[in-house]
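Derivation of every value follows stated rules applied to the coordinates shown; laboratory data play no part. Keep in mind the model is a prediction, meaning the values are calculated, not measured. Using ideal geometry, Cβ is built from the backbone for each residue, glycine included, and neighbour counts are taken over all protein chains shown.
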Amino acid sequence: MILNQKYFIENGEFFNKKVIVRVDYNVPTDKDNKVTDETRILKSLKTIKFLIDNNAKVILISHKGRPKEKSKKDSLEPVKEVLEKLLKENNINYNKVLFIDDCVGEKVKNEIDKMSNKDIAILENLRFYKEEEDNDEEFAKKLASLADIYVSDAFGAIHRAHASITGIAKFIPFYYGYLIKEEVDSLNYVLHAKEKPLVALIGGSKVSSKIDVLKSLINKVDILLIGGAMAYTFLKAKGLDIGKSLVENDRLVFVNELFSIANQKGVEIVLPCDHIVVEDVENYKKIIKTSGIEIPENLIGVDIGPKTIKEFIKYLKKGKVIFWNGPVGIFENKDFAKGTMEIAKGIAKIKAFKVVGGGDSVAAVNQAKVEKGFSHISTGGGASLEYIEGKKLPGLEIFE
Ligand code: ADP
Ligand code: MG
């Protein structure tokens, strides 16, 4: 998708204005609702800074979790403290941050009317109202009535046609922020890579959840590496023994179609050539390395083997553009994390334009502590994958 520049935040006029910004503060929290990962809050700073520097009043709205009703567990209040800390650390010249414990209505309006320029208000979780997900027009209108201008910057929710994502833009002037620009530019760089080869590594647990991603990428990439549990379905389609590893028999036809498209297009599909296997994923006595590509009867593949790590890195190094989605093993267990960690570190060292997307894949990059080695870490999860699949994302369509 190509966004129309005229909607970019830098082309708006925000001086003295009340600006309602849809951010993605759907942050992970612990049992006391303390924020355990600040990435999404950090990613919202650039747009906030721009508005503060333009003397605006900034009103932040977001969802968090999937609440059925108003509850402390899903309140956005704990974000306030983290946001203040990050604003200070990044020398952003704001006036004050306040939290308002609702997101629509008279009380919220009154609080906002008291705001000075350079103040920031965080409103309570949008999803405490069912109307948000229903894209209810009245609700969207109420949100819009709180401000003069709307800025959309919640890339992680941009595939949802919700009131705060699309509905609100019917009522006030609208723009997109820096995070959306960065995400779309980076994913476009992958999808329309002018520099070749484009190498993609797709892993994760299921072929079925990645069908559309694979269908899209097979028409774009030069080399496609397959890891994770998905790889066993690919190996089985080639007639190889995979022991008791996870397999999706109902996807063998699809995988064979993919092989034949690859063949026609001259795309190289690279599969693991050795594996880490165990007798039982939960209760294993020893961790075994296979000697070759096949997996003995009764054993289960849980990670790629050392030869595969080398082989994958060799192919990744050929890339001028690299896209990675999906861990290559059950990396949540450190006994099975080596493949994924080595791949993360390996990609980080390569000189290329490197994008990683997907919730678990980004978690793996963080776990390997190699965030800096990536050109772009897509915070979008589901949204990033839908973008790669070539789907139209409702929250972006308003900017075409
Ligand atoms: P992302 O969130 O980055 O898109 P996925 O959700 O598709 O990634 O895949 C992540 C999951 O895949 C992880 O939970 C991981 O344990 C699982 N996985 C990877 N390799 C295997 C394997 N060999 N067997 C079972 N599960 C695997
Ligand atoms: Mg996942």
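Diffusion coefficient of the chain by Stokes-Einstein, Kirkwood radius over Cα pairs, 25 °C, 0.890 mPa s: 109 µm²/s.
Listing T340, T36 from fewest to most neighbouring C-beta atoms within 10 Å gives T36, T340. Between E400 and D53, the FRET efficiency from the beta-carbon distance, with R0 = 22 Å, is close to 0.20. Let me know the whole percent of all Cα-Cα pairs from region 91-220 that are separated by more than 18 Å. Counting every Cα pair in region 91-220, those more than 18 Å apart make up 67 percent.
Using 0.36 nm per residue and subtracting the Cα-Cα separation, the extra length available between K285 and K391 on full extension is 33.7 nm.
In terms of surrounding Cβ atoms within a 10 Å radius of their Cβ, R66, R22 rank from fewest to most as R66, R22.
If you run the Gaussian network model on the chain, springs between alpha carbon atoms under 10 Å, then out of I122, I172, I20 the most flexible one is I172.
Using C-alpha pairs under 8 Å with a sequence gap of at least 6, the mean separation divided by the residue count of the chain gives a relative contact order of 15 percent.
Diffusion of region 54-150 by Stokes-Einstein, at 10 °C in a medium of 1.306 mPa s and with Rh set to the Kirkwood radius over alpha-carbon pairs, works out to 112 µm²/s.
Going from the residue with the fewest nearby Cβ atoms within 10 Å to the one with the most, M115, M1 rank M1, M115. Just to confirm the filter: which GluC sites (Glu not before Pro) across region 49-139 are DSSP coil and have at most 11 other Cβ within 10 angstrom of their Cβ? Hits after loop and neighbour filter: E69. Taking the Cα centre of region 149-249 as reference, the dipole from Cβ charges on Lys and Arg (+1) and Asp and Glu (-1) amounts to some 300 debye.
In this simple spin-label model, placing a label point 7 Å from the Cα along the Cα-to-Cβ direction at both K314 and K80 gives a separation of 5.8 nm.
The phi-based Karplus calculation (6.51 cos²θ - 1.76 cosθ + 1.60; θ = phi - 60°) puts the 3J(HN,Hα) values of region 168-185 at 4, 5, 6, 10, 9, x, 9, 9, 10, x, 5, 5, 4, 4, 4, 5, 5, 4 Hz, whole numbers, x for Gly and Pro. Placing +1 on the Cβ of every Lys and Arg and -1 on the Cβ of every Asp and Glu, with no other charges, gives region 252-400 a dipole of roughly 1000 debye about its Cα centre. Only alpha carbons enter this Debye calculation for region 357-400, each as an equal point scatterer, and the log10 of I(q)/I(0) it gives at q = 0.29 Å⁻¹ is -0.99. For region 318-393, GluC sites (Glu not before Pro) meeting the loop criterion (DSSP other than H, G, I, E, B) and having at most 13 other Cβ atoms within 10 Å: E332. Amide H contacts for T29 (H built 1.01 Å from N in the peptide plane; partners 5 or more residues away or on another chain; cut-off under 5 Å): T36. Residues in region 122-133 carry Karplus couplings, in order, of 9, 8, 6, 2, 4, 6, 5, 10, 4, 4, 4, 6 Hz; the curve used is 6.51 cos²θ - 1.76 cosθ + 1.60 with θ = phi - 60°, and Gly or Pro positions show x.
Considering only N26, V278, S209, the residue lying farthest towards the positive end of the dipole of the chain is V278, judged by Cα position with unit charges set on Cβ. Once the chain from N333 to E195 is taken as fully extended at 0.36 nm per residue, the excess over their C-alpha distance is 46.0 nm.
For the chain, the dipole from Cβ point charges (+1 on Lys and Arg, -1 on Asp and Glu) about the Cα centre works out to 1100 debye, to the nearest 20. Each principal axis of the Cα cloud of region 219-378 was taken in turn, and the coordinate range along them, longest first, works out to 41, 39, 25 Å. Between the alpha-carbon centres of region 1-76 and region 135-168 there is a gap of 12 Å.
With the gyration tensor restricted to C-alpha atoms of region 263-332, the semi-axes of the equivalent ellipsoid amount to 27, 14, 11 Å, longest first. Multiplying the residue separation of N256 and D32 by 0.36 nm and removing their Cα-Cα distance gives an extension gain of 75.8 nm. Each Lys or Arg adds one and each Asp or Glu takes one away; over the other residues whose Cβ falls under 12 Å from the Cβ of K349, this sums to +4. Here each label is just a point 7 Å from Cα along the line to Cβ, and for K238 and S116 those points are 6.7 nm apart.
Evaluate E = 1/(1 + (r/R0)^6) for N263 and K349, where r is the Cβ-Cβ distance and R0 equals 45 Å; express this FRET efficiency to the nearest 0.05. For N263 and K349, the calculated efficiency is 0.90.
Scanning residues 5 or more positions from F99 or on other chains, those with amide H under 5 Å from its amide H are I122, with H placed 1.01 Å from N in the peptide plane.
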